[in-house]
Amino acid sequence: MTARERFNNLFGPTPAPIVFPMVAADHAARRAGRRIRAVVSDAEALAAVLMQARELYDYDLVMVFADTMIEAEALGCRVCLPEDDNAFLVEPLGHLPWAVADPTTAGRMPVVVEATRLISHSLGSKVPVLASLKGPFSLACLILGPEEFLVCLRADPEACHAALQFACANQQRFAEALIAAGGIPFIGDPLASGDILSRQDFARFALPYLRELIAQLHVQTNLVGLHVCGDTSTVIGLLTETGADFLSLDEIELSNVRRALGDGAVLMGNVATQLIVQGSVRDVWAAAHDVLAAVAPRLILSSACDIPRDAPEENVRALCAALRDHARGTRGAAPGTPARPVRDEPP
Amino acid sequence: MTETSEMNLLARIAGAVVDLAPRRTAELTGAALAQGIEPRRVLLEGLAAGMRRVGELFAAKEFFVPEVLSASHAMEAGFALVRPMLESSPLPSQGRIALGVVTGDIHDIGKNIVKVLLQAEGFEVLDLGRDVPRSEFTRCIAEHRPDILGLSALMTTTMTVMAEIIQDLQTAGLRSAVKVLVGGAPLTPDFAQLIGADGYAPDAPTAIREVRRLLFQGIQPRRRQAPDS
């Protein structure tokens, strides 16, 4: 059975968990010995390192994710692209006039679209290709500047809604290009986090635009994923109202989410990212088994957020190994259990 | 003006900050000053009292980041009127805190929230800004002798700079002159301990508690190794 078939099965009557540590361009570039700027500025290089990383770790998906600034840069925000570090916002776009970015020409959007096409062409029949894009709330934050936008939620909510509506339209067009290139839209909305917004503000400023965007994308594609950073415990019920087909969640107890959303929900997550960076192989392996035990079978076993560029290779391997153990019917020790059978030793 | 009416006015200023209302905060502050209420009372019992309440609501998760940022704008609207009148008689400080986002990192919302909450608590804050060069931290400690240096980073790629800054302080013989508090989303207590920080705060309310702990409770630093070699 191919990874694509296993992925599709997550949504059918005979699901079994699959694995994808959220490897993006920076970690993939580091593993390939490439500089980040060179990779995120060139479609062939981006596609190559992402496919090499999948081969290295042997996971079940590929995610085309260059960095968080793709759309903001394409819209005209000033973005710094360090030689070997992640891009960051230098100067937001500010208020009107805005114009929806053309994915074939604007900034590095064509790089991402073409990398999606290249990977889909090469692997797509066997491996699902997620194509990352920002959620409207996070993009609107970047357009106006995060602090100004968050203050505006109180001082001038209509200005925020205007920016959100624009961001939604922009992302619809970008997503259409990604879908046409063979990608499965995977929306990341890091700034709509429960660490930043109240439930009321999420419902007012993030949810309507996610719902609108996802509904539009469902006209063209069956599956849309959504990732929200931080603590989402207060907005779990609202996340299901977005219409997303699978939810990737960061700092939250997934077993509680499973109880709240039921066995039919496809969840993605959520071995703590810091554990993957700083923990031991055994720590990661055991944490992955805990997630599997609590949330499988409709699970994409993953990291809580993107794998940092310098995360140890052996820890990422341990996460993938846990899924293979699980598939063989072996499992890690329950929390607090001191010893494991020899055959369950981590890699 | 009677003491009661003065206190009512100060309470209304605090309420305007909690209501996230910059114009009303400025109007009430102007009225209080025009009626002869001491500027330092307007600041401490009005503006800062409101911001302290905002800090409490933030810690209780009744307020979130938009509310804290909006409240700080309201406080600033009032403080702009009070500031010129305080220049000749600065307020007594609870302690001097230098804050900065480390080199390579421009994410400063967390640092800005910590700053306004510290100011509301009566601390003097030296705001070094964001993407601060390593040498600037050492220079600040040598020149201004803050009690605490607060370092912020939001990226896993920049948090390692914190260790280099602490090493710089050791090299300059300044490590024992200042306590170092680190914070930011990617950090963990283990990381803070590993790099030899004295305190760790995962969020702004904890940062305020950590500042108090480090300054007033005499709790030993969390360092594993001696501070100065």
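Throughout, read-outs are computed from the coordinates displayed, never taken from laboratory work. All figures in this text were calculated on a predicted structure; none of them were measured in a lab. Using ideal geometry, Cβ is built from the backbone for each residue, glycine included, and neighbour counts are taken over all protein chains shown.
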Would you kindly derive the ³J(HN,Hα) couplings of region A:240-247 from the backbone phi angles with the Karplus curve 6.51 cos²θ - 1.76 cosθ + 1.60 (θ = phi - 60°), listing them in order in whole Hz, with x for Gly and Pro? 5, 6, 5, x, 5, 7, 9, 10
What nm value, rounded to one decimal, do you get for the distance between B:Asp168 and A:His95 when each label is placed 7 Å out toward the C-beta? 3.8 nm
List the residues, sorted by chain then number, that are 5 or more residues from B:Leu126 or on another chain and whose placed amide H is less than 5 Å from its amide H. B:Ile97, B:Ala98, B:Leu99
How many angstrom separate the Cα center of region A:121-155 from the Cα center of region B:26-41? 45 Å
Computed for the protein assembly as shown: size of charge dipole around the Cα centre, +1 on C-beta of each Lys and Arg, -1 on C-beta of each Asp and Glu, debye to nearest 20, value 920 debye
Work out the mean other chain Cβ neighbour count within 10 Å for the residues of A:216-227 and drop it here as an integer. 0
If you take every residue apart from A:Arg37 with its C-beta less than 13 Å away from the C-beta of A:Arg37, what net charge results, scoring Lys and Arg +1 and Asp and Glu -1? -2
So, in Å, what gap is there between the alpha-carbon centers of region A:43-71 and region A:300-331? 17 Å
Using r as the Cβ-Cβ distance of B:Gln35 and B:His144, and R0 as 30 Å, what FRET efficiency do you calculate, to the nearest 0.05? 0.25
Once you keep just the Cα pairs under 8 angstrom separated by 6 or more residues, what percentage relative contact order results for region A:35-149? 33 percent
Using each residue's phi in region A:203-210, evaluate 6.51 cos²θ - 1.76 cosθ + 1.60 at θ = phi - 60° and report the 3J(HN,Hα) Karplus result to the nearest Hz, with x for Gly and Pro. 5, 8, 10, 9, 4, x, 7, 5
Measure out, as a whole number of angstrom, how far apart the alpha-carbon centroids of region B:10-25 and region B:94-160 sit. 27 Å
Förster radius 51 Å - calculated FRET efficiency between A:His121 and A:Thr234 (Cβ-Cβ, nearest 0.05): 0.75
The size of the Cβ-based charge dipole (Lys, Arg +1; Asp, Glu -1) of region A:87-219 about the Cα centre, to the nearest 20 debye, is 460 debye
Using a cut-off of 15 Å between beta-carbons, work out the net charge of the residues near A:Val235 (Lys and Arg +1, Asp and Glu -1, A:Val235 not included). -4
Treating only the Cβ of Lys, Arg, Asp and Glu as charged (+1, +1, -1, -1), what charge dipole size does region B:19-170 show about its Cα centre? Round to the nearest 20 debye. 200 debye
For chain A, calculate the relative contact order in percent as a whole number, restricting contacts to Cα pairs under 8 Å that are 6 or more residues apart. 18 percent
For region A:96-106, take each phi angle, set θ = phi - 60°, evaluate the Karplus expression 6.51 cos²θ - 1.76 cosθ + 1.60, and give the result in whole Hz per residue in order, putting x for glycine and proline. 3, x, 10, 9, 4, 6, 8, x, 8, 9, 7
